[in-house]
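Okay, structure first, notes after.
Rule-based calculations on the coordinates, nothing more; no lab input. Note that the structure is a prediction, hence the values are computed from the model and not measured. Positions of Cβ are generated from backbone atoms using ideal geometry, with glycine treated the same way; all protein chains shown enter the neighbour counts.
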Amino acid sequence: MKIFKADYVFPICADPIKNGVVTVDDNGKIISVTDQIPLGAENVPVEQLSGIICPGFVNAHCHVELSHLQGKISPNNGLINFIKDVQQYRNTDSKEIEAAAAKADNDMYRNGIVAVGDISNSNATVAIKAGSKLYYHTFVETFGFLPNKAEEVFNNGLALLKEFKPQSCSITPHAPYSVSKELFKLIKKYCDTHAKNLISIHNQECEDENKFYRYKLGGFNDLYKHFGIDISYFKPQARNSLQSVIPLLSSRQDILMVHNTCTNLKDIYFIKRFDRKIHWCFCPNANLYIEGSLPKVDLFLDQGFNITLGTDSLASNSKLCILSEMFTLQQKFPALSIERMLQWATINGANYLGIGKEKGTIEAGKTPGLNLITGLDDLKITADTKVKRLI
């Protein structure tokens, strides 16, 4: 048994507790969370801490298999150049890929992350995830903008999915600009006939994505020309990419819309007209690294949606740290309280991944992991704020 006492405990499921006390058993299961030493534990040493205790973080969007690209792709060149660079540099020695992925997994553990929604395009991380201390849900991502390739791409995705099982995993589309309507339909049919197939889709990372869907203009035409792909069949949809693909997604599965850099209020209202289980994920440091801009976070507040946080990959970030993402958001949106951001960083991600009964809040009987956050200034994150994993 261990007892931790801190300036504040943020259970997430309840109001913060000043001078809060958290008691856990030897397996990390929460025994109690209160403002008193529990009865019968008077002789157990109390670890007195300065800062706040919160549940372990959930990284709702990551690409662990791209960790070997850290520092290899120049920042602020825009999404289209970023895609070209990733494709150019991603294939290298398998041992280098696996070593970087293993380090990233360990770094996330040290940064207080307990669960990850991770994108995979290969089997490079199967063994790492099987042996990890973290909970992983793997999204096997499909690319294929040519209609005649849809069935082949989908079947290849199902084959990779089998390599990750029995780990938690699902098959998912990459992004509106890289998945044909025919491939979307195959994924939807699969979602409609399988009990659990979480969807995670990159959404509106740059304005060119909306231009492409509305008018078939902008840099994506050059991107497909660069890759030698004939997209003459594609007709402009006269509306933004999100509005074009939402009807193609299943109403039976939870759907995570990731990045949302150029999502506007009309897009949000459009979603509300459809019976879809939509969640949002912000990856602010990656947005700044790639496009130099952030989502209009204020538009998403109090709209009734579940908001989560992610780190994206080390190809587009300096570290895989949810606290760092929260700091970036607070700098741009100072009205965001730490209480609200901690909810995004913990229970919201856990609920999306389907592990909310074990992770995300400090409640008796759960094993959420515990983080200590220090260096706050009046409960505001500063450049000196740090996270330390307690259990």
Rounded to whole Å, give me the distance from the Cα center of the range 327-341 to that of the range 105-159. 29
Scanning the chain for chymotrypsin sites (Phe, Trp or Tyr not before Pro) in DSSP loops with at most 13 other Cβ atoms within 10 Å, what's the longest stretch left with none? 1-226
Amide H to amide H under 5 Å from residue 256: which residues, 5+ apart in sequence or cross-chain, H placed 1.01 Å off N in plane? 199, 200, 201, 279
Kindly list the residues of the range 233-247 that lie in the label zone of residue 216, defined by a backbone N under 15 Å from the point 7 Å along the Cα-to-C-beta vector. 233-239
Tell me the label-point distance for the pair residue 152, residue 332, using the 7 Å Cα-to-Cβ offset, in nm and rounded to one decimal. 3.9
Inter-label distance, nm, simple model (7 Å from Cα along the C-beta direction), residue 106/residue 382: 3.2
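Classify the range 246-391 as rounded, prolate or oblate from the Cα gyration tensor: take a ≥ b ≥ c as the square roots of its eigenvalues, call it rounded if a/c is under 1.5, otherwise prolate when a/b beats b/c and oblate if not. It would help to have the intermediate numbers written out before the result.
On the way: a/c = 1.83, a/b = 1.26, b/c = 1.45.
The shape class here is oblate.
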Using a cut-off of under 15 Å, list every residue of the range 147-170 whose amide N is near the label point 7 Å from the Cα of residue 130 along the Cα-to-beta-carbon line. 160-169
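Students often get this wrong, so check it: of 129/185; 84/149; 29/277; 2/165; 165/196; 149/188, which have C-alpha atoms separated by over 24 Å?
Working: 129/185 30 Å; 84/149 21 Å; 29/277 31 Å; 2/165 35 Å; 165/196 13 Å; 149/188 16 Å.
The pairs that break the limit, which is 24 Å between Cα atoms, are 129/185; 29/277; 2/165.
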Which loop-located GluC sites (Glu not before Pro) does the range 173-268 contain, where loop means any DSSP state but H, G, I, E or B and the Cβ has at most 14 other Cβ atoms within 10 Å? none
Using 0.36 nm per residue, how much length does the chain from residue 274 to residue 42 gain when fully extended, once their Cα-Cα distance is taken away? 78.1 nm
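Under a Cβ-Cβ cut-off of 11 Å, what is the net charge of the residues other than residue 250 that fall near it, where Lys and Arg count +1 and Asp and Glu count -1?
Details: positive: 185, 188, 189, 252, 276, 277; negative: 192, 254, 275.
Summing Lys/Arg as +1 and Asp/Glu as -1 gives +3.
Show me the helices of the chain, taken as full DSSP H stretches, that run 20 Å or more along their long axis by Cα and average 0.0 or above in Kyte-Doolittle hydropathy. Write out the running numbers ahead of the final one.
Details: long enough: 94-110 (24 Å, -0.97); 150-164 (22 Å, 0.20).
Taking the DSSP H segments of the chain (at least 20 Å long, mean hydropathy at least 0.0), we get 150-164.
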Lys and Arg at +1, Asp and Glu at -1: add these up for the other residues within a Cβ distance under 10 Å of residue 365 and post the number. +1
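Near residue 56, within a Cβ-to-Cβ distance under 11 Å, what is the net charge of the other residues, with Lys and Arg +1 and Asp and Glu -1? Working shown, then result.
On the way: positive: 133, 359, 366, 389; negative: 358.
Summing Lys/Arg as +1 and Asp/Glu as -1 gives +3.
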In the range 266-365, trypsin sites (Lys or Arg not before Pro) in a DSSP loop with at most 10 other beta-carbon atoms within 10 Å: 273
With the crude spin-label approximation of a point 7 Å out along Cα→Cβ, what separation in nm comes out for residue 374 versus residue 13? 2.9
